[in-house]
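*Asks:* Mind looking over this structure? Questions follow.
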Amino acid sequence: MTAGAFLAGSAARNAACAADQDIDPSLIRNYNPGMRYRRLGKTGLWFSEISLGGHWRNRDGSRFWNEFSEEVVPDDVRSNRTEVVDKCIELGINYVDLTTPAECLAYGAALKGRRDAMFVGADNHMLGPRNRENITVEKQIFNCEECIRQLGFDYLDIWRIQADMGGRNSDDDVKICVEAFHKLHEQGKVQFLGFSCHNRDWLKHLIETFPEVSMVVFPYTAKSATQEADPGHGADQKQSLFPALADRDVGSVCIKPFGGGSLFRKQNIVFGQDMEGNAEDHEIAQLTLAYIVSNPYITCSVPGMTSVAEVVNNAAASKRAQELLKGEASLDRLNDHADRMMASLPHDYQWLHDWVRV
């Protein structure tokens, strides 16, 4: 976008956030005046606009932890996740978004004894409808119940099912998931239903077809909504997702804000080693998150955070958003980094090119 268009979007964001803050803070879970909060659509829940992604760097520097041997959380992981969650709670972050068994186990341990401090959305990608063998009501109930068991909770706030990334699940597949949700909801095991997908057209059809869906999860980076031209890579760029979200009052949680770490110059961060990053990366992370939450249609962004320093830095983007985005210089700087990010995406992240228009 041009600087003028961006500032117009920022004005809309200011108005939306001003309205959001009129709500009684006592109704917001884990409220902190240093954080801004947004309503998650028709759920009526209020999420911190900077929330917590379940991923964090593992020992070989990969983007996430998938499983733990015999479901035992290593002591150093338990300590690290507890410290990160401690700082999130202190700074008013109140939602965590989980997608693997290891994440459920680790964050369940970190939240033990303080379940009500954060909303939790979870799913197990290995048990979900990405695998066609899993598309039965019984197996999807098992999928959700496994998340609840591994967390050590009695229920989930949101079951955020991981659909086929390319949008290849049919309406019949979704109906099976919805039936499983209704059964789980009746048993008090799930409050709300969400879906994640990497295909915008599929998500748009989903929210227009299934009123049970209260939240969708999709990518939104420093490069999203910055190009008018069709970028290729197979995406239909003609129809925006955001008006459909507003029309159906569906909340939106945005993943991959940093392109899986490709935004940063210092990409080879490994769990337990020099997780503090550097001043330039921290500033670009803040600028990116400020850019993302300037979009009033977005409920929250969920960056993965490996260290307490990342939590402190990223949370500050909420109140600093307008300061960070003043003038064309900061936008040009962000765009330069975003261009470099897109040019250096790993092979398995090339699909992010489809999300330069949302």
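*Asks:* Of the residues Q191, Q187, only one is in contact with a His (Cβ under 9 Å, 6 or more places away or on another chain) and more than 22 Å from E67 (Cβ to Cβ); which?
*Replies:* Exactly one of Q191, Q187 is in contact with a His (Cβ under 9 Å, 6 or more places away or on another chain) and more than 22 Å from E67 (Cβ to Cβ), namely Q191.
*Asks:* Tell me, please, whether a residue that is in contact with a helix residue (DSSP H, G or I) (Cβ under 6 Å, 6 or more places away or on another chain), of a type outside the set (A, V, I, L, M) and either touching a residue at least 40 places away in the same chain (Cβ under 8 Å) or surrounded by 20 or more Cβ atoms within 10 Å (Cβ to Cβ) (or both) can be found in the range 331-338.
*Replies:* Within the range 331-338, one or more residues are in contact with a helix residue (DSSP H, G or I) (Cβ under 6 Å, 6 or more places away or on another chain), of a type outside the set (A, V, I, L, M) and either touching a residue at least 40 places away in the same chain (Cβ under 8 Å) or surrounded by 20 or more Cβ atoms within 10 Å (Cβ to Cβ) (or both).
*Asks:* Being modelled with pLDDT under 95 and either aliphatic (A, V, I, L, M) or out of contact with any Cys (no Cβ under 6 Å at 6 or more places or on another chain) (or both) is true for just one of A180, A222. Which residue is that?
*Replies:* Step by step, each of A180, A222 is checked, and only A222 is modelled with pLDDT under 95 and either aliphatic (A, V, I, L, M) or out of contact with any Cys (no Cβ under 6 Å at 6 or more places or on another chain) (or both).
*Asks:* Considering E83, E70, which residue is part of a helix (DSSP H, G or I) and over 29 Å from S318 (Cβ atoms)?
*Replies:* E70
Yes/no matrix, rows are residues, columns are (1) out of contact with any strand residue (DSSP E or B) (no Cβ under 9 Å at 6 or more places or on another chain); (2) among the polar types (S, T, N, Q); (3) under 25 Å from C254 (Cβ atoms):
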| position | (1), (2), (3) |
| --- | --- |
| L91 | no, no, yes |
| L98 | no, no, yes |
| C104 | no, no, yes |
| R114 | yes, no, no |
| A117 | yes, no, yes |
| D123 | no, no, yes |
| T136 | yes, yes, no |
| K139 | yes, no, no |
| C144 | no, no, yes |
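*Asks:* Looking at (1) at negative phi; (2) in a loop (DSSP other than H, G, I, E, B), can you tell me which one G113 breaks?
*Replies:* Going through the list (1) at negative phi; (2) in a loop (DSSP other than H, G, I, E, B), G113 breaks only (1).
*Asks:* OK, next. Select from the range 312-358 the residues that are within 12 Å of L289 (Cα to Cα) and part of a helix (DSSP H, G or I) and list them in ascending order.
*Replies:* Correct list: N313, N314, A315, A317, S318, K319, R320, A321, Q322, L324, L334.
*Asks:* Condition first: within 21 Å of the chain's Cα centre (by Cα), modelled with pLDDT under 85 and among the acidic types (D, E). Now tell me which residues in the range 264-306 satisfy that.
*Replies:* none
*Asks:* Right, another one. Can you name the residue in the range 58-92 that is over 19 Å from D123 (Cα atoms) and of a type in the set (K, R) and, of all such residues, is surrounded by the fewest Cβ atoms within 10 Å (Cβ to Cβ)?
*Replies:* Only one residue tops the list, namely R59.
*Asks:* Residues in the range 184-202: is at least one touching an Asp or Glu at 6+ places or on another chain (Cβ under 6 Å), within 20 Å of S301 (Cα to Cα) and either surrounded by fewer than 22 Cβ atoms within 10 Å (Cβ to Cβ) or at pLDDT 95 or above (or both)?
*Replies:* Yes, some residue in the range 184-202 is touching an Asp or Glu at 6+ places or on another chain (Cβ under 6 Å), within 20 Å of S301 (Cα to Cα) and either surrounded by fewer than 22 Cβ atoms within 10 Å (Cβ to Cβ) or at pLDDT 95 or above (or both).
*Asks:* May I ask you to list the residues in the range 192-207 that are part of a helix (DSSP H, G or I) and among the hydrophobic types (A, V, I, L, M, F, W, C)?
*Replies:* Of everything in the range 192-207, those that are part of a helix (DSSP H, G or I) and among the hydrophobic types (A, V, I, L, M, F, W, C) turn out to be W202, L203, L206, I207.
*Asks:* Something else now. Hey, any hits in the range 341-351 for a residue that's farther than 18 Å from G260 by Cβ, surrounded by fewer than 23 Cβ atoms within 10 Å (Cβ to Cβ) and not small (G, A, S)?
*Replies:* no
*Asks:* While we're on this one: Looking at the range 151-174 only, could you name the residues that are part of a helix (DSSP H, G or I), under 28 Å from W351 (Cβ atoms) and in contact (Cβ under 8 Å) with a residue 12 or more places away in the chain?
*Replies:* Selection gives D171, D173, V174.
The values are calculated or read from the model by the stated rules, or taken from the named source; none is laboratory data. Worth saying up front: this structure is predicted, and the values here are computed from it rather than measured. FYI the Cβ positions are ideal-geometry reconstructions off the backbone, even for glycines, and counts take in every protein chain you see.
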